[in-house]
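Everything on this sheet refers to the single structure shown next.
The values are calculated or read from the model by the stated rules, or taken from the named source; none is laboratory data. Not measured: the values here are computed from a predicted model. Please note: Cβ atoms are built from the backbone with ideal geometry, for glycine as well, and neighbour counts cover all protein chains shown. To get the accessible areas, we keep the full protein, side chains included, count just its heavy atoms, and leave off ligands, DNA and RNA. Shrake-Rupley method; radii C 1.70, N 1.55, O 1.52, S 1.80 Å.
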Amino acid sequence: MVNDLNWAIGGEAGDGIDSTGKIFARALSRAGRHVFTSKDFASRIRGGYTAYKVRTAVERVESVVDRLDILIALTERTIDENLDELKEGSVIIYDGEQTTMADVEVPEGMIGLEIPLNSLAEKAGGAIMRNVVALGAASEVAGFPVEYLDEALVKRFGEKGEAIVSNNREAARLGRDFVREETDYSEEFSLETTDEDYVLLNGDEAIGMAAIAAGCRFYAGYPITPATDIMEYLTGRIEAFGGAVVQAEDELSAINMALGAARAGARAMTATSGPGIDLMSETFGLVATSETPLVIANVMRSGPSTGMPTKQEQGDLNAMLYGGHGEIPRFVLAPTTIGECFDRTVEAFNLAEKYQLPVYLTADLALAVTEQTYSPERFDMEGVEIDRGKVVDPDEVEEWLDEKGRFKAHAATEDGVSPRALPGTPDAAHMTTGLEHDELGRRTEEEDVRVEQVQKRQRKVDTARDREAFDYREFGDPDAETLVISWGSNEGAMREALGMLDDRGIDVRFLSVPYIYPRPDLTDEVEAAEDVIVVECNATGQFADLIEHDTLTRVQRVMKYTGVRFKADELADEIEGAIAGERAPPEVKR
Amino acid sequence: MSSDTHFTDFKSDKQPTWCPGCGDFGTMNGMMKALAETGNDPDNTFVVAGIGCSGKIGTYMHSYALHGVHGRALPVGTGVKLANPDLEVMVAGGDGDGYSIGVGHFIHAVRRNIDITYVVMDNRIYGLTKGQASPTSRQGFETATSPDGTVEPPVNPQALALAAGGTFIAQSFSSDSQRHADLVQRAIEHDGFGFVNVYSPCVTFNDVDTYDYFRDSIVNLDETDHDPGNYEAAKDRIMDPGAEHIGVLYQNEDSVPFSEREGIDRNMADIPDGAPERADRLVREFY
Ligand SMILES: Cc1ncc(C[n+]2csc(CCOP(=O)(O)OP(=O)(O)O)c2C)c(N)n1
Ligand code: SF4
């Protein structure tokens with residue numbers, strides 16, 4: 001019985017790769033199997049190679065590996081693109097009747113299944129269903145009951161009516177039957193199913209869902225890959241909770257709208273990716289000086305400039321930490337798993353309001369677009385707590401008035417957090433500005449007031465360090481001489497790499513850090529280790545720099561900036577190499 | 001909201017640092033009068049200001065207010081209004097702020113028909129940065145950055161607004177105080193985006209678009225047979241080069257503001273305590 005199966009569908013952008021992949025992933029999740037998906041897409045709508053990969057097992061899967069068991073190749077290029085991952089015994093499903101596929105040579109040792117996808121689809125009601133025929137065939141090859149596909153097809157096509165659903169079911173069956181009856185393929189895989197009920201979602205969706213749960217009611221954004229899913233998720237859902245989504249004319253507008261909504265008292269958010277962060281940075285400073293609670297999600301893609309919009313990278317860390325002119329207190333949270341996207345998003349809203357400052361919530365592309373199964377209880381709505389910080393009730397206003405009865409919106413309190421009066425609160429009307437201001441919010445250039453306000457804003461960070469648990473998660477062997485540290489989506493691959501390293505007799509202690517600023521002090525952990533290796537998806541080691549800065553210790557860097565995420569087996573090799581003192585540049589295949 | 005609000009309640013105790021004689025004094029007084037006349041008080045009013053001499057207005061008025069970054073006041077006002085529809089939102093800025101760096105936001109705020117009032121203190125110059133050409137400076141205007149006279153013709157803000165689907169387009173003159181206050185009041189009362197461009201002379205840097213010039217050239221639409229409900233007539237007035245009108249140029253009585261079209265009517269600041277009701281269904285959707 002094969003448990004851990006890797007499956008993919010690939011073709012031209014516009015071939016419906018994404019939705020076909022989703023259907024298969026959902027079918028597996030309905031069958032009580034864990035699913036971890038990854039996408040390989042070019043930044044084009046039509047043309048350009050695209051693939052959707054699914055890894056599935058009965059145990060949790062948290063990463064991708066260098067192996068493909070079943071590949072649906074809608075184009076010849078799909079085979080070439082995946083040659084490295086295709087192994088002895090891998091099955092390639094393709095349509096030999098298609099002129100472009102007629103001369104396909106199936107590499108030695110692999111099994112080619114030639115299936116007339118188009119003709120079978122037409123038999124079921126239309127060529128458009130050729131991908132579903134392929135899904136049916138893949139189910140048969142995987143030894144996975146085609147019935148589970150039916151549920152996924154209802155979910156996908158249910159709204160379009162009975163007829164469409166039954167045609168698609170028929171298409172899936174024709175695919176299955178063809179493999180059974182017309183080929184000499186003999187069952188090699190057999191996917192076990194379970195009674196578990198899983199939900200399947202990606203990082204962007206987890207962020208959107210958490211935002212609603214956390215009371216976010218206003219979202220303004222401008223479309224950009226890979227952050228758009230957050231906006232699309234919220235649109236049509238947030239309204240039911242009394243909120244609104246506005247598609248702004250640009251990122252400058254988006255962050256300013258969100259700022260306005262936050263000043264009016266709403267929990268507000270905007271989301272974007274690198275280029276949008278650059279556009280927002282002037283207003284980012286205003287958010288911080290005006291002490292407005294705001295959550296800004298930066299779903300990182302590969303930069304600089306427009307870079308590689310559909311590719312993985314963790315290159316914006318410095319931009320988030322240091323972006324904007326002047327000195328600006330801000331928090332940077334970076335969830336490391338899809339599940340954690342939920343928790344950190346809720347926390348981001350609470351931190352923003354408790355400390356009245358902008359909070360960057362950052363996910364990398366791999367985290368944002370990957371879908372993964374979770375048990376629904378993982379997203380504990382009952383456990384969501386909303387802390388709105390120091391919002392003053394009308395009867396508390398009095399305490400915060402100066403001798404002339406003016407509200408001290410920027411009172412230099414001991415903890416650095418001032419009272420917050422939402423508009424409409426009687427007798428607390430006040431102005432706020434990006435100019436340096438006094439406790440009343442009025443412009444000033446007086447030296448002592450300037451110093452007082454700068455210190456007051458910075459003090460919030462120290463207060464938060466005292467009061468909050470900006471912690472890390474720990475895996476592997478706590479006493480190992482090798483310490484690996486990573487942030488963002490690398491956690492999944494690294495956790496799996498731990499097992500592979502263990503098999504090779506290498507013990508590793510692994511820390512995954514979801515807080516970039518403020519962040520846990522890792523000095524003790526680093527000092528206790530022999531080899532310290534920081535893993536991240538960028539070329540300069542931005543996170544490694546921070547660790548060195550904090551701990552005054554040189555660390556090794558395992559960096560990948562090809563645009564593709566780390567794979568577990570690759571990471572195991574890299575870590576082993578780093579321990580041995582070999583520092584290989586990132587390997588680019590072909 | 002109290003009916004006994006006086007316009008001076010909207011005055012802060014900060015003394016304006018505008019040059020004596022600056023048109024912005026009159027512009028601000030008219031805004032405060034209009035707010036009081038329409039039954040607002042400082043606690044339910046939110047003023048958003050841009051950057052420039054004009055943008056300082058938020059400092060001199062008393063209300064909930066935000067003094068933003070250059071050119072972005074309209075999106076802030078949009079966010080405030082959508083998040084809390086109970087607030088009276090007024091956005092103010094200069095011609096550089098609104099028609100240069102912020103012109104994109106201007107078009108889109110008009111197009112969205114957000115129910116806010118936008119007052120532009122149009123002095124046809126950059127005041128705060130000491131006298132450079134602005135988008136409304138007339139062609140040939142000599143400034144520090146255009147010593148041989150500007151080569152670009154000025155933008156026509158009313159035409160931009162009309163083309164973007166504006167539903168209330170007015171032009172006012174800061175020193176004609178009663179009419180000015182009245183126009184701002186009508187903009188506040190309008191259901192949708194109330195746009196008032198105000199001739200607000202800069203006595204320091206603009207020696208062309210002076211009080212005397214405006215007094216001599218202005219045509220008061222109230223003294224003509226202009227019907228603001230007539231789109232074609234409004235278009236003719238607006239497209240007439242060099243015409244200096246005051247009054248309501250165009251008003252669409254059927255205007256439906258953005259929030260009404262989107263069904264936004266709640267104060268989003270109110271978040272119920274405890275676990276979000278009905279949020280469980282969000283998880284189930286991913287089955
Ligand atoms: C991003 C940015 N660019 C430039 C400036 C400098 N600046 C301040 S005020 C101003 C012009 C304001 O002109 P206008 O809106 O006509 O206002 P006025 O001072 O004439 O009332 C400029 C360019 C700035 N504050 N921010
Ligand atoms: S410089 Fe011009 S616009 Fe600025 S305050 Fe003086 S007169 Fe007014």
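Details
- Selection within the stretch B:68-93: residues that are of a type in the set (G, A, S) and out of contact with any Lys or Arg (no Cβ under 8 Å at 6 or more places or on another chain). The member of this set that is nearest to A:T292 (Cα to Cα) is B:G68.
- In this structure, B:G71 does satisfy being at positive phi, at pLDDT 95 or above and crowded, with 21+ Cβ neighbours inside 10 Å.
- Residue list for the stretch A:121-142, restricted to those being open to solvent by 20 Å² or more (accessible area, probe 1.4 Å) and not β-branched (V, I, T): A:E122, A:K123, A:G125, A:A127, A:R130, A:E140
- Among strands (runs of 3 or more DSSP E) entirely within the stretch A:207-273, having at least 3 residues that are facing chain B (nearest Cβ under 9 Å) and open to solvent by 10 Å² or more (accessible area, probe 1.4 Å) singles out no element at all.
Residue by residue, here is whether (1) open to solvent by 10 Å² or more (accessible area, probe 1.4 Å); (2) out of contact with any Ser or Thr (no Cβ under 8 Å at 6 or more places or on another chain); (3) among the basic types (K, R) holds:
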site	(1), (2), (3)
B:Y211	yes, no, no
B:D222	yes, yes, no
B:H226	yes, yes, no
B:R284	yes, yes, yes
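- Scan of the stretch B:233-264 for residues that are among the charged types (D, E, K, R) and facing chain A (nearest Cβ under 9 Å), ordered by number: B:E262
- When the stretch B:118-144 is limited to residues that are touching a Phe, Trp or Tyr at 6+ places or on another chain (Cβ under 9 Å) and more than 15 Å from ligand 2 (Cβ to nearest atom), the one that is nearest to the other protein chains (Cβ to nearest Cβ) turns out to be B:Y118.
- Search result, residues across the stretch A:456-473 that are touching a residue at least 12 places away in the same chain (Cβ under 8 Å) and not charged (D, E, K, R): A:Q458, A:V461, A:T463, A:A464, A:F470, A:Y472
- Strands (runs of 3 or more DSSP E) wholly inside the stretch A:327-401 that include at least 1 residues being over 30 Å from A:P426 (Cβ atoms) and more than 12 Å from chain B (Cβ to nearest Cβ): A:331-333, A:358-364
- Lone unmet requirement of (1) away from ligand 1 (no atom under 16 Å from the Cβ); (2) in contact (Cβ under 8 Å) with a residue 12 or more places away in the chain; (3) outside any loop (DSSP other than H, G, I, E, B); (4) surrounded by fewer than 22 Cβ atoms within 10 Å (Cβ to Cβ) for B:D216: (2)
- Which numbered condition B:V103 fails, given (1) away from ligand 1 (no atom under 15 Å from the Cβ); (2) within 20 Å of A:I255 (Cα to Cα); (3) open to solvent by 30 Å² or more (accessible area, probe 1.4 Å); (4) not hydroxyl-bearing (S, T, Y): (1)
- Matching residues, the stretch B:29-58, being within 14 Å of chain A (Cβ to nearest Cβ), in a helix (DSSP H, G or I) and within 16 Å of ligand 2 (Cβ to nearest atom): B:G55, B:K56, B:I57, B:G58
- Odd one out for A:F189 among (1) within 30 Å of A:E147 (Cα to Cα); (2) facing chain B (nearest Cβ under 10 Å); (3) part of a loop (DSSP other than H, G, I, E, B): (2)
- For the stretch B:81-100, the candidate set comprises residues that are under 15 Å from the mean Cα position of the chain (by Cα) and facing chain A (nearest Cβ under 9 Å); within that set, the residue that is nearest to ligand 1 (Cβ to nearest atom) is B:V89.
- Filtered by the rule that a residue be part of a helix (DSSP H, G or I) and open to solvent by less than 10 Å² (accessible area, probe 1.4 Å), the stretch A:460-501 gives A:K460, A:V461, A:A464, A:N490, A:E491, A:G492, A:A493, A:M494, A:A497, A:L501.
- Annotation: A:I506 fulfils all but one of (1) at positive phi; (2) open to solvent by 10 Å² or more (accessible area, probe 1.4 Å); the unmet one is (1).
- Count of the stretch A:416-447 residues which are under 37 Å from the mean Cα position of the chain (by Cα) and either open to solvent by less than 10 Å² (accessible area, probe 1.4 Å) or under 28 Å from B:M268 (Cα atoms) (or both): 12
- Subset of the stretch B:5-28 that is assigned to a helix (DSSP H, G or I) and within 16 Å of ligand 2 (Cβ to nearest atom) - its residue that is farthest from A:K404 (Cα to Cα): B:G23
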